[in-house]
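Working notes, structure below.
The values are calculated or read from the model by the stated rules, or taken from the named source; none is laboratory data. Everything numeric in this text was worked out from a predicted model, so none of it was measured. Reconstructed Cβ throughout: ideal geometry from the backbone, glycine too, with neighbour counts over all protein chains shown. Quick note on the areas: whole protein, heavy atoms, side chains included, nothing else; ligands and nucleic acids left out. Shrake-Rupley method; radii C 1.70, N 1.55, O 1.52, S 1.80 Å.
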Amino acid sequence: MGRVCPAPCQAGCNRNQVDDFVGINAVEQFIGDHAVAENYRLACDAALGGKRVAIVGAGPAGLAAACQLRRRGHASVIFDEHAEPGGMMRYGIPNYRTPRATLDREIARILDLGGIELRMNTRVGAGNPGDSPAIEDLEREFDAILWAIGCQSGRALPVAGGDAPNCVNGVAFLDAFNRGRLQAAGARVVCVGGGDTSIDVVSVARRLGNIRNASGARAETVIGGYVAHDSARAARREGAKVTLTSLFPRAQMTATEHEIEDALREGVDIRYGVMPVEVVLGGDGRAVALRMRECRVEGGAPVALADGEAFDIECDLIVSAIGQGVDWRGLEALVSGDGDSNGSGNSGAARLEVDSWYRVTHRPGHFAAGDIIRPHLLTTAIGQASIAADSIDRFLAQGGDSDCADSKPPRRPKVDVHHFNLLDKLREADRAPAACQSGQHRGSDSAAFAVHNYEDRSRHEVIPSDKLFLGHFNHDPRNRRARTGPDAEQVLEHFDERRAGLDADAARAEAGRCMSCGMCFECDNCVVYCPQKAVFKVGKDRAAFGRYVDTDYARCIGCHICAEVCPTGYIDMGLGE
C-alpha cells in the first residue's frame, strides 16, 4: 500500500499546519520492504479449527480476509478466475507501480500462514463453463462465504459511436498489458477519465508507444483477448501521442496529484474541463477522432458550455476510464436491483446489499468486502476485509446461526481504526494493574487497580490541529522518496519502478516527524509548567510506554496550563469547564 495508495490521510495530517505532512506512504513502503528483506513472518498462533470459509476473489480484499481468518483459526479456500492471485494489484495496476516480485513475496507471506488454499482459473457462478461451482455448491461445502470479486468490468463511452471496435475500456486495456498480451498501444491514443485508472492507462500507452508499419493484430483485438502482439516487432517501436481528457479542472480531478505530475512529465497531453460528445467514425466503422466540447459539471453531470465550439482529437485508439462495475454473470441471485438486458452481467442498478459489518443482508452466511460493495481504495478493501473477518468469526462461533442474540456485533467506533492499547503495553512490561476491587471507591488515585491519566481519546474523536500546541514543533522538511520516473524523452519502454524507497535513516527521520496527535510522547511540558507541581513523572518501577506521568489531585487546582502546553492534545481537562 505504501506504493499505490493515494494516501488521503496525508491531506488531513496535522503536521500540514507546521510545514508538511508526514510521508506515511514512504514509511509504509520502507517497513514493507524491510519485512520482506528480513524474511519476517506474519504472526499467527491460532490452531486451525474445523470450519472452512470460501473466499471468492484473490485480490487485496480476499487475500487480506484469508490472512485475518487464519489468525482467528479458520481455514479458507480462495477461488479466482485468473491464473495468479493479486486481483487488480496484478491485473489492473502496472508493474512500475507495484513490482511483481514485491507483490509475489507479499502474497507468499499470507499463504505461508497455512490453511489457505488457492483454486485459480475457477470462476464461481451458475452457467459458467467447465467445473465452475455455483453459489449453492459453495454453500454445501463451506461454513461461510466471502464475496470479494471486485469491479473488473469497465464502462463504455456513453456517446454516439462509443461502441466502435477501437473504443475499449480502461480495465480491459490494463488487463491486456499486465497479462503481457499488449505490446503496443497505437500512434495516437485518447483516454477519457480523470481518475487514477486513466493515469495508469496514459502512462502505459506512453511507455508502449507504437510499432511502425507492423502487420497483424490491432491494439483493440489484442485487448479483446484474441491474439497477442509479437514482441519481436518492438525493434520498430516509436513514441505515441497520448491525450487524457477530464471533465474537471486539474484541482478537481480524482487522480492523485503526484500521479498527474508524473503523467505530464512523461509527455501526456491533459485537456481539462472537456467532455466527449461523439466518436467520429471512418469508412471502415473504426474511430478516427473523438469530438469534444468544453464543459462544466452541474449536479454531478457535465454540461457543455453554450459558447464553446466542438473540436476533434484524432486518434487510433480510444480508452474509456470513466468507471468500473461488477460482472454479475452467474451470480444474479446475490444482487438486488434491475438486471441488465445485454447479457454482460454488469448493471449499474445491480448491487450487493450489506450491513455495517459487511454481512449480506438477505443471505445468511454470506459476507462481502472490497469493490464489490463500492469501488474505492485498495486500503479500503483491506480494512473492510478485516471487519468482515470479525463478522465471519462471530458467525462461526455461534454455529452459523445469524439470528442468535449473541451473534449481534458490538457497536463500531466512530473512528474505525486500530488503536493503541495501554493495558497491552503494561502487560508486556509486567506492570499490569492489580485486580479490580468491586464496589464504589473514593481516593482511587492511589489504588493499584486503577490506571490514571490515560484515556484513548482516538476511540471517540479525531484530534484536530487547534487542540495541539503547535509552537512545540520546529520546521522539519519532509524526507521525500527519490523520483526515478522518466521524462517525455525517456519514457518509451521504461518500466522501472517510479520511486526509490527511503533508506533506514531517512525512514526513521520521517517517522520522527509524527506529532503523536492525542498521545503522550514524554516531552515533560506538563511537568515543567504545572505551577502546583501536581503533575509528576511516575516511578521507574511503574513506568511503561504510554504511562509516563501521574497527577496528585490534592495539589491540582484545575488551571488547565498542562492541557494548554501539551503539544499533542493528549491532556483534556474536564474539571472546571
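The phi-based Karplus calculation (6.51 cos²θ - 1.76 cosθ + 1.60; θ = phi - 60°) puts the 3J(HN,Hα) values of the range 21-28 at 4, 6, x, 4, 4, 5, 5, 4 Hz, whole numbers, x for Gly and Pro. Estimated from the Cβ-Cβ distance and a Förster radius of 45 angstrom, the FRET efficiency linking residue 311 and residue 104 is about 0.50. Sorting 545-557, 359-371 by their mean Cβ neighbour count within 10 Å, with the most densely packed peptide first, gives 359-371, 545-557. Using R0 = 45 Å, the C-beta based FRET efficiency linking residue 9 and residue 541 works out to 0.75. Solvent-accessible surface of the chain, averaged per residue with a 1.4 angstrom probe and all protein chains in place: 49 square angstrom.
Solvent-accessible area of the chain (1.4 angstrom probe, protein heavy atoms only): carbon and sulfur portion equals 48 percent.
When its C-alpha radius of gyration is set against 2.2 N^0.38 Å (N residues), the range 471-577 gives a value of 1.70.
Checking every one of the trypsin sites (Lys or Arg not before Pro) in the range 16-68 against DSSP loop status and a limit of 13 other Cβ atoms within 10 Å picks out 41.
Projected label points at residue 490 and residue 16, each 7 Å from Cα along the beta carbon direction, are separated by 3.1 nanometres. Peptides 160-171, 425-436 ranked from most to least packed give 160-171, 425-436, packing being the mean of other C-beta atoms within 10 angstrom over each peptide's residues. Once backbone amide H atoms are built at 1.01 Å from N, residue 146 has 54, 55, 56, 367 as its partners under 5 Å, excluding neighbours fewer than 5 places away on the same chain. Evaluated over the chain, the count of Lys pairs having alpha-carbon atoms less than 21 Å apart is 4 (only pairs 8 or more residues apart or interchain). If you sort the three axes of the alpha carbon gyration tensor as a ≥ b ≥ c, you get a/c of 1.5 or more for the chain and a/b above b/c, which makes it prolate. Derived scalar couplings between HN and Hα for the range 54-69 equal 8, 10, 9, x, 9, x, x, 5, x, 5, 5, 5, 4, 5, 5, 5 Hz in order, rounded to whole Hz, by the Karplus curve 6.51 cos²θ - 1.76 cosθ + 1.60 (θ = phi - 60°), x for Gly and Pro. In this view, the solvent-accessible surface of residue 446, computed with a 1.4 Å probe and all protein chains in place, comes to about 100 Å².
Placing pseudo-labels 7 Å out from each Cα toward the beta carbon at residue 500 and residue 37 gives an inter-label distance of 1.3 nm.
Where in the range 287-303 does the amide nitrogen come within less than 11 Å of the point 7 Å from the Cα of residue 277, taken along Cα to Cβ? Zone members listed by number: 291-295. Extension gain for the segment residue 472 to residue 421, taken as residue separation times 0.36 nm less the Cα-Cα distance, is 15.8 nm to one decimal. A crude spin-label estimate for the pair residue 374 and residue 412, with each label 7 Å from Cα along the Cβ direction, gives 1.0 nm. Of the chymotrypsin sites (Phe, Trp or Tyr not before Pro) found in the range 1-109, those in coil by DSSP whose Cβ has at most 13 other Cβ atoms within 10 Å are 40.
Each Lys and Arg adds +1 at its Cβ and each Asp and Glu adds -1 at its Cβ; summed about the Cα centre, the range 91-143 shows a dipole of about 480 debye. Counting only DSSP H runs of at least 4 residues, each contributing -39500 (n - 2.57), and dividing by the residue count of the chain, the helix-based mean residue ellipticity at 222 nm comes to -6500 deg cm²/dmol. For residue 125, nonlocal amide neighbours, meaning residues 5 or more places apart or on other chains whose placed amide H falls under 5 Å from its own, are 134, 135. In a fully extended conformation the segment linking residue 430 and residue 301 would gain 40.4 nm over its present Cα-Cα distance, using 0.36 nm per residue.
Close amide-amide hydrogen proximity is noted between residue 499 and 484, each under 5 Å apart and 5 or more residues distant or on a separate chain (H modeled in the peptide plane; Pro and chain starts excluded).
Here the dipole of the chain is about 680 debye; that uses its Cα centre as origin and unit charges on the Cβ of Lys and Arg (positive) and Asp and Glu (negative). The protection proxy used here, the mean number of other Cβ atoms lying within 10 Å of each residue, ranks peptides 3-10, 382-389, 492-499 as follows, highest first: 382-389, 3-10, 492-499.
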